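Working notes, beginning with the structure itself.
The values are calculated or read from the model by the stated rules, or taken from the named source; none is laboratory data. Computed from a predicted structure; not experimentally measured. Here Cβ is always computed from backbone atoms with ideal geometry, including for glycine, and neighbour counts include all displayed protein chains.
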């Protein structure tokens with residue numbers, strides 16, 4: 001990689017990173033549809049913040065391999081000192097409502113594209 005401003009190189013790096021994230025989450029999130037939410041959030045906000053949210057989910061008795069109302073819930077909570085200062089959290093503060101919105105919007109757009117392609 002020599003020039004991230006080159007569209008071809010930029011896309012190649014992005015695809016490689018998405019593959020890496022998918023491979024990372026494959027170990028703990030077996031369902032591919034659910035895993036995509038973890039991949040998209042990690043791509044947007046960083047892997048460490050999503051891992052923190054997963055650790056908080058475990059600590060507070062929620063599912064660690066489910067996104068909606070589980071890991072997603074604690075990702076949003078990472079803007080609250082009670083959660084971002086928790087001993088299980090490594091990456092600290094995050095205003096993560098944006099990444100949660102990003103996941104929803106990307107998946108919504110994907111569903112729209114599927115409809116248009118099928119037509």
Residue identified as in contact (Cβ under 8 Å) with a residue 40 or more places away in the chain and in contact with a helix residue (DSSP H, G or I) (Cβ under 9 Å, 6 or more places away or on another chain) among 51, 76: 51
Give the residues of segment 89-117 that are surrounded by fewer than 14 Cβ atoms within 10 Å (Cβ to Cβ) and within 14 Å of residue 55 (Cβ to Cβ), sorted by residue number. 90, 92
Residue count, segment 67-82, condition surrounded by 18 or more Cβ atoms within 10 Å (Cβ to Cβ) and outside any helix (DSSP H, G or I), comes to 1
Is there a residue in segment 32-55 that is closer than 20 Å to residue 105 by Cα, over 14 Å from the mean Cα position of the chain (by Cα), modelled with pLDDT of 95 or more and surrounded by fewer than 17 Cβ atoms within 10 Å (Cβ to Cβ)? no
Could you run through segment 17-32 and say how many residues are out of contact with any helix residue (DSSP H, G or I) (no Cβ under 8 Å at 6 or more places or on another chain), under 20 Å from residue 49 (Cα atoms) and part of a helix (DSSP H, G or I)? 3
Tally, over segment 91-101, of residues that are in contact with a helix residue (DSSP H, G or I) (Cβ under 6 Å, 6 or more places away or on another chain) and either touching a residue at least 24 places away in the same chain (Cβ under 8 Å) or in a loop (DSSP other than H, G, I, E, B) (or both): 7
